[in-house]
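For reference, the structure discussed in these notes is given below.
The values are calculated or read from the model by the stated rules, or taken from the named source; none is laboratory data. Note that the coordinates shown come from a computational prediction; the quantities given were computed from them, not determined experimentally. Quick reminder, even Gly has a Cβ in these numbers, built from the backbone with ideal geometry, and neighbours come from all protein chains shown.
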Amino acid sequence: MLISKTAPRKTLFWKIARHLAAIVAIVLLGGLLSATLVRLAPGFDSDERELDPGLSAESVRALRQSRAGEHNILRYYSGYLRAAWHGDLGTSHALGQPVQSLLRERWPVTLRVAGVGLLLAWLLALLLAFTACLWRVPVYEMMGITLSGAFLCIPAAVLALLSVILNAPGYLAIALIVFPKIYRYSRSLLAKAYELPHITAARARGLGEMRVLARHVLPVAGPQMIALAGVTVSIALGASIPIEALCGLPGIGQLAWQAALSRDLPLLVNLTVLVTLVTLLANSGADVMNYVLQPRDV
C-alpha cells in the first residue's frame, strides 16, 4: 500500500507543534509555581542587609519597598511576563545585576561542565555495556554492576567534595553521577536485544558482531536510548547545582544556589524557566528524533 509522502511531513509538523505548545504551557506554569513556592517560603520578607547597623531607617524602608511588588504573586508574575516579552528579565536582589547579563555570563560555564560530563558518562557507560554484552564474561559483568552501583549510592554533594579534595574537574563528578543511570538502563536494553530470535539467527549465519550491532541491535535499542539521552540532560543540570556550588564554578548551578539562599525571586523564577525549557526541549527533541528515524512502509 502506497503512503503519500506529505502524510509523514504533516504528522511531523503537528507533532512538533504539539510539543511546542506543551513546552510553552509547562514553562509558564513552572515559572508560576516557582514564584509561588518562593513567596510562601519562610523568611521571604526578611533581608540580611537589614541587619547592617550602619543603615538608616530610610535605607531599611527602601529595601522593604523594593520587594513590595512581590507580595501579590499573580500581579508580580503577570508583570514579569510582560517585561520578559520585551526582553527585560528583571534585576537580581542579591547581586544587584540584571538577570539577563547574569544568565549570559554563567550559562556557558554550565553548558561546558554539564556537556563534557554527559559525553564522558555516555562513552564510559556504552563502552562497558557493549563489551559486557559481546564478551559475556560473568566477572566483567559483575565489575560493571558493582561499579555502577557504588556510584549510584554516592550523593552528588559527596562526589563534589571529593572532586574538590582531589582537585578534579567538575565535569568528572557530573560524569560519575550520570554514568550509573545510563549503564544500567542501556545494559538491560542491549541484553534484551541480543536475546531476540532474529539476532541469534543472524549470528548463526556468520554475520560479524559489528554488522549485528549496527543492523539488528541498534534499531531495537536505539529509540529507548535516544529517549534516555533526553532524560540525562535534566539529570546533569540537576547535578550541576551542588557540583558548581561546592567546586566554586561560576555557572547556572552556583547562581541557583545563591538565589535560593537569598530568596531572590526574580533570579529564581528565571532560572526555573530556563532549566524547565532546556529539559523539555531535550526530551521533546528526543521524541521527535525517534519519530524521524522510525522506519515507514512506502
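Data overview
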item	result
Flag if Val217 is under 14 Å from the mean Cα position of the chain (by Cα), buried (at least 20 other Cβ atoms within 10 Å of the Cβ) and closer than 25 Å to Val288 by Cβ	no
Scan of segment 137-168 for residues that are in a helix (DSSP H, G or I), β-branched (Val, Ile, Thr) and within 19 Å of Glu244 (Cα to Cα), ordered by number	Val158, Val164, Ile165
Residue in segment 84-100 that is closer than 29 Å to Leu172 by Cα and polar (S, T, N, Q) present	yes
Qualifying residue in segment 174-186 (condition: closer than 30 Å to Gln97 by Cα and within 23 Å of the chain's Cα centre (by Cα))	yes
Near pairs, Cβ below 6 angstrom, 6+ apart or cross-chain, from segment 144-167 (touching a residue at least 12 places away in the same chain (Cβ under 8 Å) and charged (D, E, K, R)) to any residue that is assigned to a helix (DSSP H, G or I) and surrounded by fewer than 14 Cβ atoms within 10 Å (Cβ to Cβ)	none
Test set (1) among the polar types (S, T, N, Q); (2) within 29 Å of Leu123 (Cβ to Cβ); (3) more than 10 Å from the chain's Cα centre (by Cα) - Asn283 fails condition number	(3)
Members of segment 250-298 that are of a type in the set (S, T, N, Q) and over 30 Å from Trp14 (Cα atoms)	Gln254, Gln258, Ser262
From Arg61, Arg75, Arg67, residue being modelled with pLDDT of 85 or more, out of contact with any Pro (no Cβ under 6 Å at 6 or more places or on another chain) and charged (D, E, K, R)	Arg75
